[in-house]
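Student: Have a look at this one.
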Amino acid sequence: MLYLSDELAVRIRTHAAESYPHECCGAVLGSDSGSWREVLDLFPLVNRRDDSPRNRFVITPEDFRAAEQTARKGGLEVIGWYHSHPDHPARPSEYDREHAWPWYSYVIASVMQHLPKDMKSWRLKDDRTEFDEEEMEITPFGTINGGRVNAGEGDHPDRASALRGQARKR
Ligand SMILES: [Zn+2]
């Protein structure tokens, strides 16, 4: 299960719509409990595929390092990657499968004629033959952390550390 706040879902969809007709991409930062994951921040990336930006995206080693560093600074980890599918459904392409790694959550946002549509999350099987859809829950009030609704309101950047502070107090 992947938990995602409304606000972060909107940020992915907005990035996807703004990039249309090109693909957008970025890193999904959060925490992984083993049985469920929560998205706590996003790290938008520049799609560096100049040859085919409409239907390809690439994550360079530099992007990877930058995403990891940003995640660590916030006490988070890179739990996945998001990208958009302009005028295509929110399911992974063969290109996506060839370039994906197991374990990560791949969030795909479909954009049809400029308008954000479905958003789905996928996990590559360990043998890399195919993706399984990952259940995703978009929560209205922020993040559910182990069944506890985040008390934080709106968009403030220290929410992740506030969450961790709460977790320590328990
Ligand atoms: Zn794709």
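The values are calculated or read from the model by the stated rules, or taken from the named source; none is laboratory data. Note that the coordinates shown come from a computational prediction; the quantities given were computed from them, not determined experimentally. For neighbour counting, all protein chains shown are included, and Cβ atoms are generated from backbone atoms with ideal geometry for every residue, glycine included.
Student: Quick test for you: out of L76, L2, L40, L45, pick the one residue that is crowded, with 21+ Cβ neighbours inside 10 Å, under 24 Å from E130 (Cα atoms) and aliphatic (A, V, I, L, M).
Tutor: The match here is L2.
This table checks each residue for (1) modelled with pLDDT of 95 or more; (2) hydrophobic (A, V, I, L, M, F, W, C).
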| site | (1), (2) |
| --- | --- |
| L2 | yes, yes |
| S5 | no, no |
| I12 | yes, yes |
| H22 | no, no |
| W36 | no, yes |
| R54 | no, no |
| I59 | no, yes |
| F64 | no, yes |
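Student: Cβ-Cβ under 7 Å, sequence separation 6+ or interchain: first residue in the stretch 81-93 and farther than 10 Å from W122 by Cα, partner near the ligand (Cβ under 8 Å from one of its atoms) and assigned to a loop (DSSP other than H, G, I, E, B). Which pairs?
Tutor: If the second residue must be near the ligand (Cβ under 8 Å from one of its atoms) and assigned to a loop (DSSP other than H, G, I, E, B), the pairs left are H83/E23; H83/F57; S84/E23; P86/E23.
Student: Going through the stretch 6-44 one residue at a time, which ones are among the acidic types (D, E), farther than 17 Å from I138 by Cβ and away from the ligand (no atom under 16 Å from the Cβ)?
Tutor: Residues satisfying the conditions are E18, D32.
Student: In addition: Where the second residue is surrounded by 16 or more Cβ atoms within 10 Å (Cβ to Cβ) and of a type in the set (S, T, Y) and the first is more than 23 Å from Y20 (Cα to Cα) and touching a residue at least 40 places away in the same chain (Cβ under 8 Å) and lies in the stretch 98-113, which pairs have Cβ atoms under 6 Å and are six or more apart or on separate chains?
Tutor: none
Student: Evaluate the stretch 133-147: report whether one residue or more is at pLDDT 95 or above and either outside any strand (DSSP E or B) or farther than 21 Å from A9 by Cα (or both).
Tutor: yes
Student: How many of the residues in the stretch 16-33 are closer than 23 Å to W103 by Cβ and either surrounded by 23 or more Cβ atoms within 10 Å (Cβ to Cβ) or not polar (S, T, N, Q) (or both)?
Tutor: Of the residues in that region, 9 qualify.
Student: Considering only residues of the stretch 82-109 that are among the aromatic types (F, W, Y) and out of contact with any strand residue (DSSP E or B) (no Cβ under 6 Å at 6 or more places or on another chain), which is farthest from Y3 (Cα to Cα)?
Tutor: Selected residue: Y95.
Student: Follow-up question, since we're still on this one. Quick one: in the stretch 58-96, of everything that is β-branched (V, I, T) and farther than 13 Å from C24 by Cα, which residue is farthest from the ligand (Cβ to nearest atom)?
Tutor: Per the stated criteria, the residue is T70.
Student: Here's a follow-up. Output the residues belonging to the stretch 97-139 that are of a type in the set (A, V, I, L, M), out of contact with any Gly (no Cβ under 8 Å at 6 or more places or on another chain) and under 18 Å from L29 (Cβ atoms).
Tutor: Within the stretch 97-139, A100, I108, A109, M119, M136, I138 meet the criteria.
Student: Moving on to the next point. I need the full set of residues from the stretch 107-123 which are surrounded by 17 or more Cβ atoms within 10 Å (Cβ to Cβ) and in contact with a helix residue (DSSP H, G or I) (Cβ under 7 Å, 6 or more places away or on another chain), in order please.
Tutor: Hits for the stretch 107-123 are V107, A109, V111, P116, M119.
Student: Another question, if that's okay. Got a number for residues in the stretch 97-117 being modelled with pLDDT of 95 or more and acidic (D, E)?
Tutor: 0
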